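Worksheet: one structure, shown below.
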Amino acid sequence: MTDRYFARDIADTVLRGLATMPVVVITGMRQTGKSTFLQRQPEFSGRRYISLDDFAQLDAARRDPDGFVDTDDQITVDEAQKCPELLVAIKKAVDRNRKPGQFLLSGSSNFSMLKGISESLAGRAVYFVMHPFNRREIRGNTAERPFLRQFMFDQKILTTEGSHTLMPDDIATGGMPSVAIDKVAHKSIWFKGYEQTYLERDVRELSRISNIIAFRQLLHLAALRTGQLLSPSGLSRDAKLSVATTSRYLALLEASFVLYRLSPYLNNRASRLIKSPKLYMSDSGLACHLAGIQNLTYDNPLLGGIFETYVANNLLSIIDSAWTDASLYFWNIQGRHEVDFIIEEGDKCLAVEVKASARWQERDLEGLRSFLTATPTCAAAILAYNGRDTVKLGAKLWAMPLSLALS
């Protein structure tokens, strides 16, 4: 167990936001370390910290929201979504005296989904998502530029020192801070408590759900499909719910950051919105718990999807925190060729195919080669496999350790 503070990739991005906008909002799923970040990040030490999980503070904010924020102090408000009245008061305060960095807010729900909040802060706030720990954060490498961000532009391998194989237990642990840094004795009990808290608190905050059992069933079914193309009709059939109800429940799961949908990469950008996305749980450890996997092994039929989920979690965390000009997609051409992840920045992109095993075969390169042929703007195509050696396989084509790609 440890009480050491782990630096987060998102820190520099938040500081830039505070230097530019009057309101900065940090959202993300519950228990990803937002409160710890707000209280222990050194640059925030001079701010007045308020948590609306404190009933006395919440009551004071509700009784006199305008007076609550009427101060020259720079204010940090944790769990700000609990008091929408306070956000209206913040809007008034910003409109009276607009200056960068006045308010730093956090919440475990997507503010844009909460009635009235998006309108209150429109044009006054910038939003950032804090994900579970990625490998860079756990290993203390946040001071270094993300490897893939640099590799997109120079295709240089300076070193593979430290490259190592990812074990099933790494994947099953995931990145939830309490579990990832050994603060809990029994992770299965922690995840069970997390699920109960989520169902009892976050879901009821976001929406009135009469059948919480059906919602819980859908949550578990979604975990079993992590890393797969999303079919709302198929999911609704298995959950014994209408397609409309299933779609509403999926929107709630997305609003509370428990899952997300990854859009396909297509030459026609507008058509990305009308093609089937992929579904991913936001943490591979939580996905294992919800899928009923107590001990993830190499022969588990769900290993591929869970492994891909772990990589997706890391890539999305890096992009949302330390590579904010980039976007993440996947590529699929009528079921013939697929690439797990496409990272796009400006007019360049990077293709990444994930291989869970320590060995790869020629057929594992087919999707990458097809994508390179179809996409002249692709800077490099990478087979990220679970081994130790980096090999250049041709023009723009590489095989490299997954641990290096996620560094």
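Each residue of segment 294-306 was assigned a 3J(HN,Hα) from its phi angle through the Karplus expression (A = 6.51, B = -1.76, C = 1.60, θ = phi - 60°), giving 8, 9, 6, 10, 5, 8, 5, x, 8, 4, x, x, 5 Hz with x at Gly and Pro. For residue 85 and residue 55, what does the FRET efficiency come to when R0 = 22 Å and r is the distance between their Cβ atoms, rounded to the nearest 0.05? Working from the Cβ atoms, E equals 0.90.
Counting charges near residue 230 (Lys, Arg +1; Asp, Glu -1) among other residues having Cβ under 12 Å from its Cβ returns a value of +3.
Calculate for the chain the 222 nm mean residue ellipticity that helices alone would give, adding -39,500 (n - 2.57) per DSSP H run of length 4 or more and normalising by residue count, nearest 500 deg cm²/dmol.
After summing the helix terms and dividing by residue count, I get -10500 deg cm²/dmol.
Checking the cross-link pairs 34/192; 34/275; 156/355; 34/348; 278/392; 34/187 against a 23 Å limit on the alpha carbon distance flags 34/275; 34/348; 278/392 as lying beyond it. Under 5 Å from the amide H of residue 326 lies no amide H of any residue 5 or more positions distant or on a separate chain, with H modelled from the backbone and absent for Pro and chain starts.
In segment 135-405, what is the volume of the convex hull around the alpha carbon atoms, normalised per residue and reported in Å³?
Values: hull volume 37.9 nm³, N = 271.
Dividing the Cα hull volume of segment 135-405 by its residue count gives 140 Å³.
P(r) of segment 190-280 in 10 Å steps, Cα pairs, percent per bin? Calculated P(r), rounded to whole percents: 16, 48, 28, 8, 1.
P(r) tail, segment 334-381: Cα-Cα pairs separated by more than 13 Å, 56% of all pairs.
Amide H contacts under 5 Å for residue 129: 27, restricted to partners 5 or more places along the chain or on a different chain, H placed in the peptide plane at 1.01 Å from N.
Computed FRET efficiency, Cβ-Cβ of residue 297 and residue 377, R0 35 Å: what is it to the nearest 0.05? Please list the in-between numbers first.
On the way: r = 40 Å, r/R0 = 1.14.
Working from the Cβ atoms, E equals 0.30.
Rg/Rh for segment 230-311 stands at 1.01; both radii use Cα atoms, and Rh follows the Kirkwood definition.
Given R0 = 22 Å, the distance between the Cβ atoms of residue 324 and residue 150 translates into a calculated FRET efficiency of 0.90. When the Gaussian network model of the chain links Cα atoms closer than 10 Å, the mean-square fluctuations of 62, 388, 225 top out at 62.
When the inverse distances between all different Cα atoms of segment 11-129 are averaged and flipped, the Kirkwood radius reads 14.0 angstrom. Taken along its principal axes, the alpha carbon cloud of segment 306-361 reaches lengths of 32, 24, 16 Å, longest axis first. For segment 278-407, the calculated P(r) over all alpha carbon pairs, in 5 Å bins from 0 to the bin holding the longest distance, is 2, 10, 20, 22, 22, 15, 7, 2, 0 percent.
Among 319, 342, 333, the largest mean-square fluctuation in a Gaussian network model of the chain, built with springs joining Cα atoms closer than 10 Å, belongs to 333.
Hey, what's the Kirkwood Rh for segment 170-219 if you take every pair of different alpha carbons, in angstrom? If you can, show how the numbers build up before the last one.
On the way: mean 1/r = 0.0815 Å⁻¹.
Averaging 1/r across every pair of different Cα atoms and inverting gives 12.3 Å.
Among 369, 30, 208, the largest mean-square fluctuation in a Gaussian network model of the chain, built with springs joining Cα atoms closer than 10 Å, belongs to 208.
Read-outs: derived from the displayed coordinates by stated rules, not from any lab. Everything numeric here is computed off the predicted structure, so don't read it as measured data. Please note: Cβ atoms are built from the backbone with ideal geometry, for glycine as well, and neighbour counts cover all protein chains shown.
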